[in-house]
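Worksheet for the structure shown next.
The values are calculated or read from the model by the stated rules, or taken from the named source; none is laboratory data. Keep in mind that what you see is a predicted model, and the values were worked out from it rather than measured. Here the Cβ is made from the backbone with ideal geometry for all residues, glycine too, and neighbour counts use every protein chain on show.
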Amino acid sequence: MRDRSTTLLEPPQLRAARVEQAWATSTGSGVVVAVLDTGTQLDHPDLVGQFHERDGQVVAADLVDGDADPADPNGHGTIVAGLVAAAAGNGEGVAGIAPDARLLPVRVLDRDGRGTAAVVDRGIRFAVDNGADVINLSLEVEDGPSGSIATAPVDAIRYAWDNGVVVVASTGNSGAGTTGYPTGTPVLLVGATDRDDALAEFSDAGPADGLVAPGVEMVSTWCRNDGADGCDPSARYGLGSGTSFAAPVVAGVVALLLGAGLDHQQAVARVRATALDLGQQGPDAVFGTGRVDAAAALDPTTLPAVGQDPVGADDVAVGGADDGSTATSPAPDEAATPPPDGADAVGSDGGGAADQEAVPDVVAAPPRGGGDGPLRAVLATFTALLVVAVGGRSLRELRAMRRKV
């Protein structure tokens, strides 16, 4: 099993999704996960060495500014990247779901977390053409003020699937119960659960063939970027909540399955078939096929060989439920008010992490465009978690510093 004994924080996502047990079978080695987002901090100490390279150079793109440097002026993309594949056992703060997978960062959203379907389309195709096996989309598809992009890049998602690449996307944070992805789009949609395995207050429900994953008080890498000076080195880790942070948990588990030798169809079928059933018995339009369970998915006694049907999989199509639900889409994360004692804060959504004696400095993703897209739609209905700069505070203390917004 992967040694994580020198990791300083105890990310709740590892425990809730039973990830460490799965590492005995796979840690994602040989798999490339593209993170299409606001960018990624390439020199974060928990991400250095975790990137897909060609000829000694990190493979990356900034399709907003038109260059190869995916610097993250928002911070959201760095959180997502760390959830997928932060290094394990390196004496730094956190471990990702698939710590031996490699990241391919593609910036498709601006400083405020906004973009266009055309740019995201280009980003997906770039990722596919440059070696991605999995693509994570933690962004909001909605033609309105809370959206990151107005329409889903369906053609590019089909291009990815046809080329053996799994696209994982968050359902959204509006609590509306629908997503912006048309039924039949080959995308694996992910909603968020809380510490009690209930659907998080803010989470949109996905289609019956989607999934849910932990999405409350997730601990990850973070870049607080207040301007030209780049990421603040005193604020390297953050707590955040949202479906944006549930999707990379599933993307990481898919990477573990691909690393264990499954193909893309098998991996998608397997992650659905082994999910913990929640709500009404069987797939439903709230929890989909259930909450992702990495240990069950990577159980070596039941893993299918390449070419065999995964357990319980009759249909490996993604994104198209026949229950009348519409496929919806990903969403950004939230804003907050200053914490006590003058500590810096930026926000996200609400709750649950493990306790440690001390944690590195923590902050989190700024609002997208004056109050994260999905956040703006739901400020009145749930508590946003303050992610604060701390020095040696336990995560229990951090949770006590939440504020309503």
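Within segment 101-121, how many residues turn out to be assigned to a helix (DSSP H, G or I) and in contact with a helix residue (DSSP H, G or I) (Cβ under 8 Å, 6 or more places away or on another chain)?
Taking segment 101-121 first, the residues assigned to a helix (DSSP H, G or I) are 117-121.
Remaining after also requiring in contact with a helix residue (DSSP H, G or I) (Cβ under 8 Å, 6 or more places away or on another chain): 120-121.
Qualifying residue count for the region: 2.
Within segment 25-57, restricting attention to residues that are part of a strand (DSSP E or B) and not charged (D, E, K, R), which residue is surrounded by the fewest Cβ atoms within 10 Å (Cβ to Cβ)?
Kept after step one, since they are part of a strand (DSSP E or B), are these residues of segment 25-57: 32-37, 51, 53-54, 57.
Keeping just the survivors that are not charged (D, E, K, R) gives 32-36, 51, 57.
Details: VAL32: 23, VAL33: 33, ALA34: 32, VAL35: 34, LEU36: 33, PHE51: 20, GLN57: 9.
Filtering segment 25-57 for residues that are part of a strand (DSSP E or B) and not charged (D, E, K, R), the one surrounded by the fewest Cβ atoms within 10 Å (Cβ to Cβ) comes out as GLN57.
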Could you check how many residues of segment 68-90 are farther than 16 Å from LEU36 by Cβ and not in a loop (DSSP other than H, G, I, E, B)?
0
Checked against (1) surrounded by fewer than 24 Cβ atoms within 10 Å (Cβ to Cβ); (2) within 30 Å of THR151 (Cβ to Cβ); (3) of a type in the set (Gly, Ala, Ser); (4) modelled with pLDDT of 95 or more, ALA60 satisfies every condition except (1)
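Take the conditions within 19 Å of the chain's Cα centre (by Cα) and over 21 Å from GLY28 (Cβ atoms) and apply them to PHE245. Does it pass?
Values: within 19 Å of the chain's Cα centre (by Cα): yes; over 21 Å from GLY28 (Cβ atoms): no.
So PHE245 does not fit the description; no.
Could you identify the single residue in ALA61, ALA98, ALA24, ALA85 that is in contact (Cβ under 8 Å) with a residue 12 or more places away in the chain, touching a helix residue (DSSP H, G or I) at 6+ places or on another chain (Cβ under 6 Å), closer than 26 Å to ALA294 by Cα and hydrophobic (A, V, I, L, M, F, W, C)?
Details: ALA61 fails: closer than 26 Å to ALA294 by Cα; ALA24 fails: touching a helix residue (DSSP H, G or I) at 6+ places or on another chain (Cβ under 6 Å); ALA85 fails: touching a helix residue (DSSP H, G or I) at 6+ places or on another chain (Cβ under 6 Å).
Among ALA61, ALA98, ALA24, ALA85, only ALA98 is in contact (Cβ under 8 Å) with a residue 12 or more places away in the chain, touching a helix residue (DSSP H, G or I) at 6+ places or on another chain (Cβ under 6 Å), closer than 26 Å to ALA294 by Cα and hydrophobic (A, V, I, L, M, F, W, C).
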With respect to GLN281, is the statement that it is without any contact (Cβ under 8 Å) to a residue 24 or more places away in the chain and either within 21 Å of LEU188 (Cα to Cα) or buried (at least 24 other Cβ atoms within 10 Å of the Cβ) (or both) true?
yes
Suppose we filter segment 178-197 for residues that are surrounded by fewer than 24 Cβ atoms within 10 Å (Cβ to Cβ) and touching a residue at least 60 places away in the same chain (Cβ under 8 Å); how many remain?
8
